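Here's the structure, in structure tokens; my notes come after.
The values are calculated or read from the model by the stated rules, or taken from the named source; none is laboratory data. Given the structure is predicted, the values throughout are model-derived calculations rather than measurements. Cβ sites come from the backbone with ideal geometry, for glycine too, and all protein chains shown count toward neighbours. Keep in mind that these areas ignore ligands, DNA and RNA; they rest on the heavy atoms of the full protein, side chains included. Shrake-Rupley method; radii C 1.70, N 1.55, O 1.52, S 1.80 Å.
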Amino acid sequence: MPTMLLTEKNQVQNIEGTHQCAPKGSKTWKRYWMHETGREWPKKCRISGCSELAIGGGHVHIYGHSTEVYIIPMCNSCNNTQNKSWMTVKTRTEAVKVEKADTSGPEGACYK
């Protein structure tokens, strides 16, 4: 699965409608992210300036790659569809691209 290593120059935006998205082969998007990256789950949210615990995998668009869907570790406050602004990520944030074969959800919100 393609992953992208982000820096503090990258921005992400929440995707609306991802409550319908369920990962195939994993119980949660958190487990999916860990499986695909081979890394442990980070303790803190990967949004710059946020020190909250990373609770789950947030579905986001990456600025410049806005038609593709990625998962990054986020807290509940940052991973909220009410938050439609572009958010800067912390350096060395690993984003995992979601492909059609990886989700049971609809095209657009869950994959592109």
- Task: Scan the range 64-112 for residues that are open to solvent by less than 60 Å² (accessible area, probe 1.4 Å), part of a strand (DSSP E or B), out of contact with any Leu (no Cβ under 9 Å at 6 or more places or on another chain) and of a type in the set (Asp, Glu) and jot them down.
- Result: Glu68
- Note on the structure: Subset of the range 91-112, residues hydrophobic (A, V, I, L, M, F, W, C) and modelled with pLDDT of 90 or more, comes to Ala95, Val96, Val98, Ala101, Cys110
- Message: Which count do you get for residues in the range 1-18 that are under 13 Å from the mean Cα position of the chain (by Cα) and open to solvent by 70 Å² or more (accessible area, probe 1.4 Å)?
- Response: 2
- Please list, ordered by first then second residue, the pairs with beta carbon atoms under 7 Å, 6 or more apart or interchain, first in the range 5-22 and under 18 Å from Val89 (Cβ atoms), second of a type in the set (Gly, Ala, Ser). Leu6/Ala95; Glu8/Ser48; Asn14/Gly58; Ile15/Ala109; Thr18/Ala109
- Message: Regarding the range 23-31, can at least one residue be identified that is surrounded by fewer than 15 Cβ atoms within 10 Å (Cβ to Cβ), touching a residue at least 40 places away in the same chain (Cβ under 8 Å), charged (D, E, K, R) and over 16 Å from Thr91 (Cβ atoms)?
- Response: yes
